[in-house]
Amino acid sequence: MSLSGIALVTGGAGFVGSHLTSALLASGARVRVIDNLSTGYQENLDEIDGDIDFVNASINDQKSLTRALEDVRVDLSRSRDSLASPRSVKFAS
């Protein structure tokens, strides 16, 4: 399967997001990641073979999010911040 266009991955520097980013790149997509590195790591992105457009910002920052969404044709969310109400979700300890 081959993808075209720009895909946006929120939380792309985290474990799941970085693997999703890698898979999208392998499928031929151009990938833009927005992550404020509050729980993700730049090293996760450094290990990926491919050209990533990285926006170091929170998805809660309207100006940065608008910039990140520019020319995006596919939007894949993988961020705890993208949950409707993070406080209502119980995470296993």
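Using 0.36 nm times the number of residues separating residue 57 and residue 73, minus their current alpha carbon distance, what extension gain do you get?
Working: separation 16, 0.36 × 16 = 5.76 nm, distance 1.99 nm.
My answer for the length gained is 3.8 nm.
PRE reach from residue 65 (point 7 Å along Cα→Cβ): which of the range 32-55 fall under 14 Å by backbone N?
34-36
Bear in mind these aren't lab numbers, they're just calculated from the coordinates by the rules spelled out. As the structure is a prediction and not an experimental result, all values here were calculated from the model. In this analysis, Cβ positions are derived from the backbone assuming ideal geometry, glycine residues included, and neighbour counts consider all displayed protein chains.
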